[in-house]
Structure formats: C-alpha cells, structure tokens
Ligand code: FAD
C-alpha cells in the first residue's frame, strides 16, 4: 500500500507567503497541510521585518529621549538595556507568531513541523523529529524563502562576523560596528545600532547607498546618518580581516586606497539567496534560473501547472507583502478562481531616518519607458504636521504622465513615509490622475497633505509652496 497521505494542497514554508497561501486555500474549501521546519511566520516574523522594526522603534525612542531637551522636555541621561529591549522585541514576535498559529488552526490547516523534500511532482517527504511523513498532493505551493548571502572572505562566525539574524539577537550594544553592504537591511540596522549607542561605519561597493533607489531620495538619509556620527563609504569593498585583541580589523578598499577599520562586530548585509537547493526540485522536474530563483507565470505557476512558487524563492522583489500577495493568488488559482498577479506596482519601504517609500516608476525609469513626465514635489518643511513633530526633513515627489495626468510613481522621503505610501499605492492601482489626488480633501494637519500638495504641484496649483 501507499504510505503517503493524500491531501489536496501542500504548502512548504510558513512565512508570509506560505502561511497566507495556506489560510486562503483553506478558506476556499481546500484541505491543506502546511510544512515548516522552523517557527511559523518565516523570516519576516522571526528574524526579518518584525524584529528589525521593533529594534528600530526602540532605537528611535532612545534617540528621541536624547533630543527631548531641544523642545523643553528634560530627561535624565539615556541608558539602553539591550537585554530588556530584546525581551520586549521577543514578546512582539511571539504575539505575532502565536497569532499565525491560531489563524491556521481556526481555518483547519494541518501544520507539520519538519523539513520537506519533493520526491516527485505529486509527492513530498517530511523529515520530522520523530520520523518521516509522506504526502501525495494535487497541488503544491513552494514558499521556502531565502537566507543571507555569505561573502567567502567574511564567513559568518556568530561572534565577530554577523548576519542580520545574529545582529537582531545581540544582547549588548557593540561599541563599534562595521556594516558591509549599504542596502536597506544594512542601513536600517546600522541606523538602529547607531541610535542605540554604537559607533557605526557602513561600506558599500556601489556609487550610492541604497542601490536601486534614486540618489535624490537617499540624500536626506545620508545627511541624518552623518548627524548620528555614522560614516558611510561608497565605492568601497571589504577585502580581508584579522582578529586581534578581541576586535576585528577589516581592510577595505576605498576608491583604490587601502584603509583599516577596527570594530567589535561586523554585520554583513550583501543580499539574500533563495532556498531552492535542498528542496528536491529536480525530482519534481523543476529547475531554477541562473540566480537560483524559480520562474513562474502571472498565476504563480512553475512550469508544472500543479506546483506553484511564491515569495522570496520566486523572481521579483524579496518583500513580505509581495510574498503574501502571491500566496493569495496561488491559493485562488488552485481553487479555480481567475486570479492573477496583476499589480500596477509593489511598494517598497526603507525604515531609515527618515523613512523612504516608493511605488511605481522613478522619473528616469518613466522617461526610459518613453513617457513625457510632469514632476510635482512638496517638502515636509512646509507641512504643518511634520513641523509639530519636529520632523521637517524630506519631501513627497509625484511623477505623472504629462499627457493624461495619470500617476506613474510616488516617492517619499520623510516622517511616516512607510504609512503614507499606502494611499499612493491605491492611487496608482486605481489609475488616479494627479488631479484626483489634489481634488481629494485630506485631513489637516497631517502628513498626508504632502501627497495632495505634491499632486497639486504637478498641476501647478500647490497652495503652500512658492
Ligand atoms: P520566508 O519568510 O523566508 O519563510 C520561509 C519559511 O520556509 C521559513 O519559515 C523556513 O523555515 C521554511 N522552509 C524553508 N525550507 C524548508 C523546507 N525544505 N522544509 C520546510 N520548511 C522550509 N520585507 C518587507 O516587506 N518589509 C520589511 O520591512 C522587511 N524587513 C526585513 C528585515 C530583515 C532583517 C530581513 C532579513 C528581511 C526583511 N524583509 C522585509 C524581507 C522578508 O522577510 C521576506 O521577503 C519574507 O519573509 C519572504 O517571505 P517568504 O514567505 O517567501 O519566506
């Protein structure tokens, strides 16, 4: 007899891609097994989005307390108890992973804890602590996520050379920290540790910090990093290191000149790699592209229509909300709905100080695509709400098609940019014009008025700007 249990849908990976897919498939009446070898919630909840944002918040509190005197609020000297910060952060993570577990249960999803390997295009084996379990499925959703890339010359050792996972778990604030890689994860954590009390240096190979974002968006962040005492070196590569007297001495090449940077910890954040190697893909007749990602169509199907791939292992931006959206699409396609990954744009956010948030095309991307554009801009220095919270740095920029006024992109650097971009994403998704946004009454005094005013600037009618 066949020892495999028959099940309609198997989901491998319980991150924001997989757990959302499992819940949605169950809502649509499917019998679902979700397999994860680790804690539910994936990278995002356990060692990504959530713990990093908790740490960033704690760091912001410390920094605000240090500067409270500037607006007349006297606080004694600020002390960071990193152990307590970690305890609080862990509590937040536990609440959320517990919530995921309850939701899965409430929807009747069977959760199996173990390592899944595909055996065929309709079969998966799970290595559990207490033995093996086999499933035969009608459909499978692969959502195994990603892990940090290691630089061969700086292997993670958990002591001096850390990945983001280990940095997020530090129970002491290192006096000095070198961050290799000035992408969003490096800058978010670098900023947080600087505010918690570390002397931070960031090195980046590219010409600009945050490669992928327009340099105009990162200028304010760079200025604030300087104020925080963070040194940022671009066109700089980390070459080698030596551990001596309890410190790590790193040789870097700054635009052709060698320099040594001494630190207590090195944080390596040079990218992430999809977890596709040990999944048994070849046994299911699947393969990956040259960068290790699984290619999918707009319905999140691999070349085998019964097997779907979503989230960080599938091509596209490695972001939690992209993973979740694909999870919903995959589950709905399996249930026979006419669902598709048909989005105008996926927003991206960098939780630096101030935050950067973008949706849609940048000015240069729009021009490359052949659009004639009108650009509107509004500075937070002219926004009442931003001044009342002492956060007047940055701006909101709106890129519109000159011919139709339809919004092509919105880019925000400033307070709560992460929250503000939601309205812009909705506007883009609905095909709104700059006029639609500027004619919409926005509440006063709020940061949202900056989007309305930037849209008005596209029309040449901004009131609060000369
Ligand atoms: P993952 O979350 O990686 O989950 C995959 C799951 O699959 C894991 O639980 C793993 O245990 C399991 N698994 C893997 N292989 C197997 C196997 N063979 N068998 C069983 N289980 C397996 N994104 C944002 O959108 N916003 C942010 O602010 C943000 N901040 C981040 C900060 C940091 C420090 C990091 C590292 C990432 C951040 N991300 C952020 C990225 C985000 O975490 C990922 O895009 C997201 O987690 C991807 O979701 P996923 O479901 O594809 O995979």
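The values are calculated or read from the model by the stated rules, or taken from the named source; none is laboratory data. Note that the coordinates shown come from a computational prediction; the quantities given were computed from them, not determined experimentally. Neighbour counts are summed over all protein chains in view; Cβ atoms, including those assigned to glycine, are modelled from backbone coordinates with ideal geometry.
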Do you know which residues across region 210-228 are modelled with pLDDT under 95, on the phi < 0 side of the Ramachandran plot and not in a helix (DSSP H, G or I)? 211, 213, 214
I need the full set of residues from region 398-421 which are in contact (Cβ under 8 Å) with a residue 60 or more places away in the chain and touching a helix residue (DSSP H, G or I) at 6+ places or on another chain (Cβ under 7 Å), in order please. 398, 409, 411, 413, 414, 415, 420
The one condition in (1) in contact with a helix residue (DSSP H, G or I) (Cβ under 9 Å, 6 or more places away or on another chain); (2) buried (at least 21 other Cβ atoms within 10 Å of the Cβ); (3) more than 23 Å from residue 358 (Cβ to Cβ) that residue 335 fails to fulfil: (2)
With criteria (1) touching a residue at least 60 places away in the same chain (Cβ under 8 Å); (2) closer than 21 Å to residue 321 by Cβ, residue 377 comes up short on (2)
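Residue check: is residue 21 outside any strand (DSSP E or B), within 22 Å of the chain's Cα centre (by Cα) and within 15 Å of the ligand (Cβ to nearest atom)? Walk me through how you get there before you give the answer.
On the way: outside any strand (DSSP E or B): yes; within 22 Å of the chain's Cα centre (by Cα): yes; within 15 Å of the ligand (Cβ to nearest atom): yes.
The answer is yes for residue 21.
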Six or more apart or on different chains, Cβ under 9 Å: which pairs go from a residue in region 19-34 that's farther than 20 Å from residue 118 by Cβ to one that's modelled with pLDDT under 95 and within 13 Å of the ligand (Cβ to nearest atom)? Could you list them? none
May I ask you to list the residues in region 376-429 that are over 23 Å from the mean Cα position of the chain (by Cα) and assigned to a helix (DSSP H, G or I)? 380, 381, 382, 384, 385, 386, 387, 388
Quick check on residue 68: is it over 17 Å from residue 354 (Cα atoms) and part of a helix (DSSP H, G or I)? yes
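Return yes or no: is residue 282 within 16 Å of the ligand (Cβ to nearest atom), closer than 30 Å to residue 116 by Cα and part of a loop (DSSP other than H, G, I, E, B)?
Numbers: within 16 Å of the ligand (Cβ to nearest atom): yes; closer than 30 Å to residue 116 by Cα: yes; part of a loop (DSSP other than H, G, I, E, B): no.
Spelling it out, it is not the case that residue 282 is within 16 Å of the ligand (Cβ to nearest atom), closer than 30 Å to residue 116 by Cα and part of a loop (DSSP other than H, G, I, E, B).
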Take residues that are away from the ligand (no atom under 16 Å from the Cβ) and tell me which of the strands (runs of 3 or more DSSP E) falling wholly in region 97-191 contain 1 or more. 131-142, 176-180
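Got a sec? Which of 93, 11, 43 is modelled with pLDDT of 95 or more, within 15 Å of the ligand (Cβ to nearest atom) and in a strand (DSSP E or B)? Lay out the reasoning, then the answer.
Values: 93 fails: in a strand (DSSP E or B); 43 fails: in a strand (DSSP E or B).
None of the other options fit; the residue is 11.
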Search region 27-39 for residues being surrounded by fewer than 23 Cβ atoms within 10 Å (Cβ to Cβ) and within 21 Å of residue 146 (Cα to Cα), and hand back the single one that is farthest from the ligand (Cβ to nearest atom). 39
Does any residue of region 54-64 turn out to be more than 12 Å from the ligand (Cβ to nearest atom), surrounded by fewer than 23 Cβ atoms within 10 Å (Cβ to Cβ) and more than 24 Å from the chain's Cα centre (by Cα)? yes
